[in-house]
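Reading through the structure tokens given below for one structure.
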Amino acid sequence: MADPALDLETLLSADAVAARVRALAEQIAPDLTDDTVAVCLLVGGLWFAADLTRALAELGRPMPFDALWLSSYGDGQESRGRCEIRADLQRPIAGRRALVIDDVFDTGLSLEEAVRHLKAKDAAEVRTAVFARKPWPKPRALTPDYVAWEAPARFLVGYGMDVGGAYRGLPQIAAVAESV
């Protein structure tokens, strides 16, 4: 269980998060087609996916919603280096376009696995949107199509990001203060 007394430094306020989501929706909306399905990566992508799909609907681009539950972190602060599918899509994606939505692009493992999985299910096209992209020391095989915020290389919580399952529900994004 996460320490309830974690020292957190707010990096983006709830208002700043909302503004970035709206701006990203305006960027994405012209690229969507009527057969695009929003695919939320659970669990962390839920908050961003909900806000982004609402913002897109307000721009006249409502879309069907589905989810794919992947796990690469468990309750730890570092990726286990592999990704497992815990729950698959509920509806067929073959011949449709997908917009994969996730909270953070860190190692790139989850997003890469989601794209591979959807292509294997014969999705016509797969695009990706992440709220936060963190720098990574090694090249990643995939680059997100849409990014709301270039995040620092720190451990982040809030707006879907967690430590041991806690802090996901924070409306802002914070960094866990580094120990001295």
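Highest-first packing order for the peptide set 12-20, 50-58 is 50-58, 12-20, based on the mean count of other beta carbon atoms within 10 Å. Here each label is just a point 7 Å from Cα along the line to Cβ, and for Thr143 and Glu84 those points are 3.3 nm apart.
For the chain, the longest principal axis of the Cα atoms and the long axis of helix 14-28 meet at an angle of about 30 degrees.
Label-to-label distance for Phe65 and Arg91 is 1.2 nm, based on points extended 7 Å past Cα in the beta-carbon direction. Using only the alpha-carbon atoms, how far is helix 109-120 inclined from the longest principal axis of the chain? Give it as 0 to 90 degrees, nearest 10. The answer is roughly 10 degrees. Here the label points at Asp35 and Gln172, each 7 Å from Cα along the C-beta direction, are separated by 4.5 nm in the simple model. Using just the helices of the chain, give the 222 nm mean residue ellipticity in deg cm²/dmol: DSSP H runs with n ≥ 4 each add -39,500 (n - 2.57), and the total is spread over all residues, rounded to 500. The helix contribution divided over the chain gives -7000 deg cm²/dmol. Measuring nothing but how far apart in sequence close Cα pairs (under 8 Å, 6+ apart) lie, relative to its length, the chain scores a relative contact order of 27 percent. Placing +1 at every Lys and Arg Cβ and -1 at every Asp and Glu Cβ, with all other atoms neutral, what dipole size does the chain have around its Cα centre, in debye to the nearest 20? Computed charge dipole of the chain: roughly 420 debye. Between the residues Ala114, Trp69, Val147, the greatest Cα displacement towards the positive end of the dipole of the chain, with unit charges on the Cβ of Lys, Arg, Asp and Glu, is found for Ala114. Remark: the Cα gyration tensor places segment 15-151 in the oblate category, a/c being 1.5 or greater and a/b not exceeding b/c.
With respect to the chain, whose longest principal axis is taken over its alpha-carbon atoms, helix 46-58 is tilted by about 50°.
By DSSP, the beta bridges lying fully in the chain are antiparallel in about 35 percent of cases.
Only the Cβ atoms of Lys and Arg (+1) and of Asp and Glu (-1) were treated as charged; on that basis the dipole of segment 106-180 about its Cα centre amounts to roughly 80 debye.
Read-outs throughout are calculated quantities, based only on the coordinates presented, and are distinct from any laboratory measurement. Everything quoted here is computed from the prediction, not taken from an experiment. Using ideal geometry, Cβ is built from the backbone for each residue, glycine included, and neighbour counts are taken over all protein chains shown.
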